[in-house]
Amino acid sequence: MEFFRIEGGRRLSGRVRIEGAKNAALPLMAASLLTDQPVTLRNIRPLADIANMGRLLEELGVDIKPVPGGLTMQSVDENRVHARYDIVRTMRASICVLGPMLARRRQARVSMPGGCAFGHRPVDLHLRGLEALGAKIELKGGDILASADRLKGDTVFLGGPFGSTVLGTANVMSAAVLASGRSTIECAACEPEIVELANMLNSMGARISGAGSPRLVIDGVEELSGINHVVMPDRIVAGTYAVAAAITNGDVILDDFPYDALLATVNHCREIGVHIQRVSGDDPTRCTVRVTSERNLKPTTITTQPHPGFPTDLQAQLMALVCMAEGNSVITEKIYPERFMHVAELMRMGAQLYRQGPTVVVAGGGKLIGAPVMASDLRASASLVLAGLAAEGETIVHRVYHLDRGYHQMEETLNALGGRVERIKEEKPAAAETDGLRGEGVSTMSAQFVQDDR
């Protein structure tokens with residue numbers, strides 16, 4: 001097992017290009033099951049989750065070959081329909097294969113998914129949506145068994161107790177593109193990653209309208225063609241590196257910054273005293289920004305919401321940032337109310353945090369002090385690294401395999417900006433650190449990637 005050793009107090013400066021979006025790429029990869037033609041995705045990094053999805057697709061009869069900066073996928077054996085627990089348990093996005101397999105192959109067997117351990121996230125909305133399209137759904141031995149001669153268009157409502165479901169929208173939309181007739185998805189997720197999936201499916205021959213709004217209208221088609229697609233920049237990675245610049249009082253240029261997808265984050269950063277200024281590029285989905293910050297940061301009030309509200313995946317990072325602000329900030333988590341596993345670890349570093357249910361009050365103005373901390377999930381890991389950059393002394397972040405699910409070689413990116421982050425392999429993992437979520441061997445595809453120099 002590996003950990004990061006971080007020397008804090010170093011101001012970041014330089015230039016970074018934002019990598020392709022992991023949360024967009026995974027449903028796009030699953031969409032290769034909707035056709036027997038080649039689907040090429042570029043601007044993909046060899047993240048652990050990407051490797052996991054690749055392994056899963058290979059087990060489902062998809063031939064995968066590396067191309068410069070990405071992968072080409074082609075479904076060659078449509079008789080393989082079992083997404084096994086051993087792979088599915090490593091990441092929640094594995095559920096995205098359910099809709100495409102059901103639509104194209106008429107049946108699917110998918111193990112209940114795993115992923116980050118920060119609260120209950122059921123897949124009942126996925127199943128309800130597919131049932132509305134005519135699927136027969138059974139649960140057997142921890143697996144979802146779905147079947148249908150051919151799905152039929154209908155009206156599907158995907159609202160849940162915490163708003164719309166992103167992966168559920170991706171699943172039902174992917175299934176509906178090959179259904180007969182018209183499907184309408186009400187309370188659809190509006191996230192940029194859903195727009196990205198809809199755009200790619202339309203380029204493959206689907207007929208989807210309304211992407212980015214709460215109502216999607218899908219007219220089913222008989223078949224889809226292949227495609228060569230460039231994946232959108234990762235808005236969460238972009239937000240994380242913007243916070244890295246701000247928390248160190250740095251001066252960083254970010255290329256391929258998805259400004260339009262981060263308006264709520266940019267607004268809160270402005271309130272705090274962080275300036276994210278567009279310096280070039282006419283396309284607001286891929287522009288160049290300069291990130292600087294005022295010496296004295298100010299507190300803010302943040303509530304996570306579905307897009308276009310403030311993203312839950314940046315909550316932990318902003319919490320680390322407002323620890324440096326003068327005054328009290330209030331952060332309320334409306335998407336995953338239990339997503340506060342980073343709170344105790346930040347407190348180990350001297351942060352003054354007070355949690356009451358889904359809300360944390362951050363008493364800023366104090367100093368962060370380096371300490372050994374334990375990462376619990378992907379974004380919590382990022383927040384601890386950010387805190388370590390700003391802390392006095394040395395910070396040790398354990399379980400950085402979580403980071404490798406969503407950030408490509410984060411330590412190298414931060415070091416190129418002037419940070420001092422060292423990845424160290426432990427001689428022997430502690431017994432308490434084997435939590436079953438690591439997914440040993442999940443990065444076997446990483447060496448196959450040829451990196452793009454975009």
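Read the figures in this text as sums done on the coordinates, not as results from a lab. Quick caveat, the model's predicted, so the values are computed rather than measured. Counting neighbours? That spans all protein chains shown, and the Cβs are built from the backbone with ideal geometry, glycine included.
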Classify segment 188-287: rounded, prolate or oblate, from the alpha-carbon gyration tensor (a ≥ b ≥ c, eigenvalue square roots; a/c under 1.5 rounded; otherwise prolate if a/b is larger than b/c)?
prolate
So what is the relative contact order of segment 316-439, in percent, for Cα pairs below 8 Å that sit 6 or more residues apart?
23 percent
Applying the gyration tensor rule to the Cα atoms of segment 22-230 (axes a ≥ b ≥ c; rounded if a/c under 1.5, else prolate if a/b exceeds b/c, else oblate), the class is rounded
Placing +1 on the Cβ of each Lys and Arg and -1 on the Cβ of each Asp and Glu in the chain, which of V217, P161, T292 has its Cα farthest towards the positive end of the resulting dipole?
P161
For the chain, whose charge dipole is built from +1 on Lys and Arg Cβ atoms and -1 on Asp and Glu Cβ atoms, the candidate among V330, H82, A245 with its Cα farthest towards the positive end is V330
Roughly how many debye, to the nearest 20, is the charge dipole of the chain about its Cα centre, given +1 on each Lys and Arg Cβ, -1 on each Asp and Glu Cβ, and no other charges?
400 debye
Using only alpha carbon pairs under 8 Å that are at least six residues apart, calculate the relative contact order of the chain and give it in whole percent.
22 percent
Just need the relative contact order of segment 192-287 here, percent rounded to a whole number, with Cα pairs under 8 Å and 6+ apart.
21 percent
Give the label of the value calculated from the structure for Cα Rg over 2.2 N^0.38 Å, choosing from (1) 1.06; (2) 1.43; (3) 0.95.
(3)
Would you mind checking the pairs K367/K425; K65/K140; K22/K367; K152/K334 and listing those with alpha carbons more than 31 angstrom apart?
K65/K140; K22/K367; K152/K334
Would you work out the charge dipole size for segment 22-230 about its Cα centre, treating the Cβ of every Lys and Arg as +1 and the Cβ of every Asp and Glu as -1, and quote it to the nearest 20 debye?
200 debye
State the extension gain, in nm to one decimal, for the chain segment bounded by D282 and A416, taking 0.36 nm per residue of separation less the distance between their alpha-carbons.
45.5 nm
